[in-house]
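What follows is a short report on a single structure.
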Amino acid sequence: GEVVVRLKRWMDRVLGPEHPLVIDVPDAPWLIEADRSQIERALTALIMNAQDATPNGGDIRVTVRHEVLDADRAQVLGQLASGEHVVVTVRDRGVGMDDATRRRIFEPFFTTKAMGRGTGLGLPAVLGTVLQSGGAIDVQSAPREGTEFRLYFPRREETKARTSDPRHRATDAHTTPLRVLVVEDEPEVGRVLRRTLQKAGHHTRLADSADMAETMVRSEPVDVLVCDLGLPGVHGSILSG
């Protein structure tokens with residue numbers, strides 16, 4: 001709920017009056033175990049996709065609600081256990097998708113957007129974020145009837161969520177500090193990765209290009225390389241060698 005409210009404050013300026021963002025969040029939150037910045041990026045991607053799907057304008061709705069899944073519903077979703085969940089829904093009333101398209105939307109590099117407007121990596125990244133958090137996604141859509149993404153996250157007890165927070169792991173006696181090099185050409189993404197790793201107790205440096213990374217590695221060896229695959233002029237996998 002906090003993430004959705006905060007997103008609305010600046011997404012309203014990005015979307016403009018033709019695409020009003022309508023939100024509905026519960027007064028009493030349930031906790032989930034997830035990376036806040038990844039959830040923000042996932043919801044931003046879904047909201048921007050919803051805007052693209054409604055070229056003539058229309059509201060975009062984001063709701064957060066609590067749901068207790070029975071065994072049958074959990075089995076339909078495929079990756080969840082029954083019990084208490086937080087469900088985040090992003091809904092538009094745009095062009096929608098047929099079943100053939102809907103079945104492929106999480107394939108890397110698959111996109112229905114015009115050349116140069118989409119990479120086909122946004123929705124796979126959203127799926128990865130949800131799966132990493134132990135959740136699942138349900139997508140409902142039909143041509144000219146809009147699209148609804150439902151993101152299911154298992155509820156976490158407060159004590160468990162706190163002890164699982166990476167910020168607490170830095171003081172764990174079993175944590176071994178590593179020398180980590182983050183190679184990322186988008187400054188904000190790189191800073192977020194570096195802060196996260198530093199909070200976990202690791203000595204982390206940041207490079208914004210392959211050339212800079214190679215220079216830094218020559219000056220000081222690293223234990224772990226965290227690298228963007230889409231670096232300018234070179235595929236990130238080359239650096240792993």
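Oblate is the label for segment 1-112. Its Cα gyration tensor axes, ordered a ≥ b ≥ c, give a/c of at least 1.5 and b/c at or above a/b. When percent of Cα pairs over 23 Å apart is computed from the coordinates, the matching label among [x] 54; [y] 50; [z] 58 is [z]. Residues of segment 189-226 falling in the label zone of Met48, defined by backbone nitrogen less than 13 Å from a point 7 Å along Cα to beta-carbon, are 189.
Rounded to the nearest 500, what is the 222 nm mean residue ellipticity of the chain from helices alone, with -39500 (n - 2.57) per DSSP H run of 4+ residues and division by all residues? Mind dumping the intermediate values first?
Numbers: 9 runs with 87 residues, N = 241.
Result for the chain: -10500 deg cm²/dmol, rounded to the nearest 500.
Label-to-label distance for Val87 and Glu214 is 5.2 nm, based on points extended 7 Å past Cα in the beta-carbon direction. Residues whose amide H lies under 5 Å from that of Val25, counting only those 5 or more places away or on a different chain, are Val64; hydrogens are built 1.01 Å from N in the peptide plane. Between Thr54, Thr63, Thr101, the GNM of the chain built on Cα springs shorter than 10 angstrom shows Thr101 fluctuating the most.
Relative to the longest principal axis of the Cα atoms of the chain, the long axis of helix 210-219 lies at roughly 40 degrees. The 3J(HN,Hα) values that the Karplus relation (6.51, -1.76, 1.60; θ = phi - 60°) gives for segment 194-201 are, in residue order, 5, 4, 4, 5, 5, 5, 7, x Hz. Gly and Pro appear as x.
Taking every protein chain into account, the accessible area of segment 1-111 amounts to 57 square angstrom per residue (probe 1.4 Å). Scanning the chain for GluC sites (Glu not before Pro) lying in DSSP loops with no more than 15 further Cβ atoms inside 10 Å, the longest uninterrupted stretch between such sites is 19-144. Placing pseudo-labels 7 Å out from each Cα toward the beta carbon at Glu145 and Thr176 gives an inter-label distance of 5.5 nm.
Taking the 1.4 Å solvent-accessible surface of the chain as the whole, the part contributed by carbon and sulfur is 51%. Calculate how steeply helix 36-52 sits against the longest principal axis of the alpha-carbon atoms of the chain, using the helix alpha-carbon long axis, and give the answer as 0 to 90 degrees to the nearest 10. For helix 36-52, the angle is close to 50 degrees.
Extending 7 Å from the Cα toward the beta-carbon at both Ala125 and Arg102 defines two label points whose distance is 2.5 nm.
The values are calculated or read from the model by the stated rules, or taken from the named source; none is laboratory data. Just so you know, these numbers come straight off a predicted model, no measurement behind them. Positions of Cβ are generated from backbone atoms using ideal geometry, with glycine treated the same way; all protein chains shown enter the neighbour counts. The protein model used for the area step is the full one, side chains on, heavy atoms only, and it has no ligands, DNA or RNA in it. Shrake-Rupley method; radii C 1.70, N 1.55, O 1.52, S 1.80 Å.
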